[in-house]
Amino acid sequence: MFKINDLWFRYDSKYILKSINLTIKKGSFISIIGPNGSGKTTLMNLLTGNLKKDTGEIFFLDKLLHAYSIETLAQVITVIYQKANIQFPFTCLEIVMMGRNPFKQRMKPLSEKDMEIVYEAMEVTDTLKFTDSLITEISGGEMQRVILARALAQEPQVLFLDEAFSAMDIAYRLRSLKLISQLVKEKNVTVISIMHDLNMAYAFSDEVIVLKEGKIRGTDCPQNLMTASFIKEIFDIDVYHVKGKGLIVMP
Amino acid sequence: MQSRLEISNKLKRRQKKSLYIGVMLSVLLIIFILTVVNMGRADIKVLDILKIVYGKLAFKPFILENIDEASVAIVWDIRLPRIITAILVGGGLAVSGVVFQALLMNPLADSYTIGVSTGAAFGAVLAIYFNLFVIEYTLPIIPCAFVGAILTLVLVSKIANRNGYLSSSNLIIAGIIVSSILSSGISLLKSASGEQVSAIVYWLMGSLSARTWHHVLLGSIFIIIGILICIYFSEDLNILCLGERESRFLGVNSDKIRKLFFVIASMITAVCVSISGIIGFVGLVVPHMLRFSLTTDNRVLIPIAALLGGLLLLLADTFSRVLLNVEIPVGVMTTLFGGPFFIYIFIKNNNNIH
């Protein structure tokens, strides 16, 4: 899906990313982990085309990423950010319907089929009850669910998540992650996620990319990569493995 | 929980409701025009007014033969152009308010916040000043205001621009800086014009009196086309309301669309200011009323705001023209009523931010 060759990026004179080489396969759940300031968000912004690289090449589906138009990219890629800053009182239904925008023509209403997709997306995210609620009047976690519904309505091939479920309660966060992994398995969607919660990253990722100080320190499946000693080295924290179940961070 | 059918029915009902409101406002507007054209110091019979309008519109001069010329002149040359200008300017200001608010992602923004109105006013005042003191022939005020607005817009976006990116707060700050400089410029020109200052002051206060068919024609070309373009791209404006990063992943080229809307909304503002001087708060009050009572969906909001803006400015102008003994410039009226409303919204908005 993505191939990155020798990518460098800097703000002013400080290099945020140094010599990144990476291949991202289609249909996998990938988590980017690393301490604050390690370059996770910058890497994601470069992959989504939101930032322009300094040197190096990013290929998306065997074509240079910046050769795609915004309109084409929106039909394949979407991003959910941690915070949706919406100042206007749209209804949640209107927000989710906007997910179909890349596929619709101006001045034409959404088709029956589009509305079906919108409805489905709201059903699986349990947001149908907010249909008529104003987006400015629901809680942060509820808003993240509505935004997730919008992203699902877009039926993306690549879904980027930047701490997208951080405001949800634990039950909805698990539910959303399960939903996303299901998409990866059943619809071959590629998910690239920035996650601070190591427990979740361990449990849900097919592959983990560990960044520190702008360099990739390792990419592998979590079982191989996220050993207690490696996590200690990267984050300077202690974790314990529960055999066959996952990983627990001990304060 | 709602079923699919309920949701799609509800959507249809909402569309119908907006359509009804649109139709209702249009009908109200026509009733209003017919009522207002009958109001004024000169007493003209309703039947005569209808005859004058019909005769003129249908190019049948023989209908006008039995009516005295003064009445024809009052209705056709004075009242009607003024009424239509009021509607056009009100609609234009309301729509440019909607657009600037969406672009700046701030429900309190309008043509004034980013300095475009002041820029247009400065251009016009400069033209008036030159006409009074410097040159022999007359500089046209309207194109000068237009140039002033566009130059201000370019200047403001240059100042606010950082690495090709226009942030809302930068834009508002740049707007404030530029418009305070321009306001001082206007004051300077006012002081320099000595006893002739009344020409500038009266223009600046915002008035719809003595508007001619020439103004109507100019207004209708630019304002109506501008509004239609805004309606055509209104769903892109919806997406822009979600933020720049988000618009990109919903397939909207935010840089391109933002520029387009900035130019169109500035053009509408410039034409409105050229025609009628500074008329404040229409662009703020109308969109706000609609956002909270009807919808914030720009596809509905823009056309309805155009109608309601036209209606309200016509109401305000009639009020200032007819009901009081002294004619008050309509800009003073809208600011007197709109200002407190602005304060109310501001306090309410502040309470909502935690």
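The values are calculated or read from the model by the stated rules, or taken from the named source; none is laboratory data. In this text the structure is predicted, and so the values were computed from the model without any measurement. Note that we place each Cβ from the backbone using ideal geometry, even for glycine, and neighbour counts take in every protein chain shown. Side chains are part of the model used for accessible areas, which takes the heavy atoms of the whole protein and leaves out ligands, DNA and RNA. Shrake-Rupley method; radii C 1.70, N 1.55, O 1.52, S 1.80 Å.
Could you check how many residues of the stretch B:1-58 are under 21 Å from B:Arg299 (Cβ atoms), of a type in the set (A, V, I, L, M, F, W, C) and away from chain A (no Cβ under 12 Å)? Give the derivation first.
Residues of the stretch B:1-58 that are under 21 Å from B:Arg299 (Cβ atoms), as a first pass: B:7-26, B:29.
This time we only want the ones that are of a type in the set (A, V, I, L, M, F, W, C), so: B:7, B:11, B:19, B:21, B:23-25, B:29.
Next, only the ones that are away from chain A (no Cβ under 12 Å) stay: B:19, B:21, B:23-25, B:29.
Adding up the residues that qualify gives 6.
Inspection of the stretch A:140-162 finds no residue satisfying the criterion of being over 20 Å from the mean Cα position of the chain (by Cα) and facing another protein chain (nearest Cβ under 9 Å).
Condition first: surrounded by 15 or more Cβ atoms within 10 Å (Cβ to Cβ) and either more than 14 Å from the chain's Cα centre (by Cα) or among the charged types (D, E, K, R) (or both). Now tell me which residues in the stretch A:36-48 satisfy that. Break it down into steps so the answer makes sense when it comes.
Within the stretch A:36-48, the subset surrounded by 15 or more Cβ atoms within 10 Å (Cβ to Cβ) is A:38-48.
The answer is A:Ser38, A:Gly39, A:Lys40.
Just for strands (runs of 3 or more DSSP E) wholly inside the stretch A:153-251: which have at least 3 residues that are modelled with pLDDT under 95 and aliphatic (A, V, I, L, M)? Quick ask: steps written out before the conclusion?
On the way: elements: A:158-162, A:190-194, A:207-212, A:215-220, A:238-242, A:246-250.
Of the strands (runs of 3 or more DSSP E) lying wholly inside the stretch A:153-251, those with at least 3 residues that are modelled with pLDDT under 95 and aliphatic (A, V, I, L, M) span A:246-250.
Take B:Val273 and decide whether it is of a type in the set (A, V, I, L, M), open to solvent by less than 40 Å² (accessible area, probe 1.4 Å) and at the interface with chain A (Cβ under 9 Å from one of its Cβ atoms). Spelling it out, it is not the case that B:Val273 is of a type in the set (A, V, I, L, M), open to solvent by less than 40 Å² (accessible area, probe 1.4 Å) and at the interface with chain A (Cβ under 9 Å from one of its Cβ atoms).
Out of the residues in the stretch A:59-74 that are without any contact (Cβ under 8 Å) to a residue 40 or more places away in the chain and facing chain B (nearest Cβ under 9 Å), which is most open to solvent (accessible area, probe 1.4 Å)? This residue is A:Glu71. Of the helices (runs of 4 or more DSSP H) contained entirely in the stretch B:131-239, those carrying at least 3 residues that are free of Cβ contacts under 8 Å to residues at least 24 places away in the same chain fall at B:141-160, B:168-192, B:197-205, B:225-232.
Listed by first and then second residue, the pairs linking a residue in the stretch A:107-118 that is closer than 14 Å to B:Ser3 by Cβ and open to solvent by 30 Å² or more (accessible area, probe 1.4 Å) to a residue that is modelled with pLDDT of 95 or more and not polar (S, T, N, Q), with Cβ atoms under 9 Å apart and 6 or more places separating them unless they lie on different chains, are A:Met115/A:Met97; A:Met115/A:Arg100. Taking the stretch B:234-287 as the range and being at pLDDT 90 or above, of a type in the set (D, E, K, R) and under 14 Å from B:Met105 (Cα atoms) as the test, the residues that pass are B:Asp236, B:Glu246.
In the stretch B:245-263, the qualifying residues are those that are in a helix (DSSP H, G or I) and free of Cβ contacts under 8 Å to residues at least 12 places away in the same chain, and the one that is farthest from the other protein chains (Cβ to nearest Cβ) is B:Lys259. Among the residues making up the stretch A:88-122, a single one is touching an Asp or Glu at 6+ places or on another chain (Cβ under 8 Å), at the interface with another protein chain (Cβ under 9 Å from one of its Cβ atoms) and β-branched (Val, Ile, Thr): A:Thr91. Applying the set (1) part of a loop (DSSP other than H, G, I, E, B); (2) open to solvent by less than 10 Å² (accessible area, probe 1.4 Å); (3) away from chain A (no Cβ under 14 Å) to B:Ile278 leaves exactly one unmet item: (2).
Looking at the stretch A:123-136, which of the residues that are open to solvent by less than 60 Å² (accessible area, probe 1.4 Å) and among the hydroxyl-bearing types (Ser, Thr, Tyr) is nearest to the other protein chains (Cβ to nearest Cβ)? Of everything passing the filter in the stretch A:123-136, A:Thr131 is nearest to the other protein chains (Cβ to nearest Cβ).
For the residues A:Ser181, A:Ser193, A:Ser166, the requirement of being away from chain B (no Cβ under 14 Å), in contact (Cβ under 8 Å) with a residue 40 or more places away in the chain and buried (at least 22 other Cβ atoms within 10 Å of the Cβ) singles out A:Ser193. Taking the criterion of being buried (at least 22 other Cβ atoms within 10 Å of the Cβ) and without any contact (Cβ under 8 Å) to a residue 40 or more places away in the chain, the only residue of the stretch A:75-93 that qualifies is A:Leu93.
Within the stretch B:288-299, is even one residue of a type in the set (S, T, N, Q), in a helix (DSSP H, G or I), at pLDDT below 90 and buried (at least 21 other Cβ atoms within 10 Å of the Cβ)? The answer is no; no qualifying residue exists. Applying the condition of being aliphatic (A, V, I, L, M) and not in a helix (DSSP H, G or I) to the stretch B:300-341 and asking which residue is modelled with the lowest pLDDT yields B:Leu324. A single member of B:Lys190, B:Lys158 is out of contact with any strand residue (DSSP E or B) (no Cβ under 6 Å at 6 or more places or on another chain), of a type outside the set (A, V, I, L, M, F, W, C), open to solvent by 60 Å² or more (accessible area, probe 1.4 Å) and under 30 Å from A:Lys52 (Cβ atoms), and it is B:Lys158.
Contact map, the stretch B:281-306: first residue within 10 Å of chain A (Cβ to nearest Cβ), second residue of a type in the set (Val, Ile, Thr) and surrounded by fewer than 23 Cβ atoms within 10 Å (Cβ to Cβ), Cβ cut-off under 8 Å, separation 6 or more or different chains; pairs are B:Arg299/B:Ile231; B:Leu301/B:Thr295. Take B:Leu228 and decide whether it is within 14 Å of chain A (Cβ to nearest Cβ), under 16 Å from B:Met105 (Cα atoms) and under 21 Å from the mean Cα position of the chain (by Cα). For B:Leu228, the condition - within 14 Å of chain A (Cβ to nearest Cβ), under 16 Å from B:Met105 (Cα atoms) and under 21 Å from the mean Cα position of the chain (by Cα) - is not met.
Inclusion of B:Leu139 among residues that are open to solvent by 30 Å² or more (accessible area, probe 1.4 Å), farther than 18 Å from B:Met267 by Cβ and in contact with a helix residue (DSSP H, G or I) (Cβ under 7 Å, 6 or more places away or on another chain) is warranted. Evaluated against (1) open to solvent by 20 Å² or more (accessible area, probe 1.4 Å); (2) at pLDDT below 95; (3) hydrophobic (A, V, I, L, M, F, W, C), B:Ile231 falls short on exactly one condition, (2).
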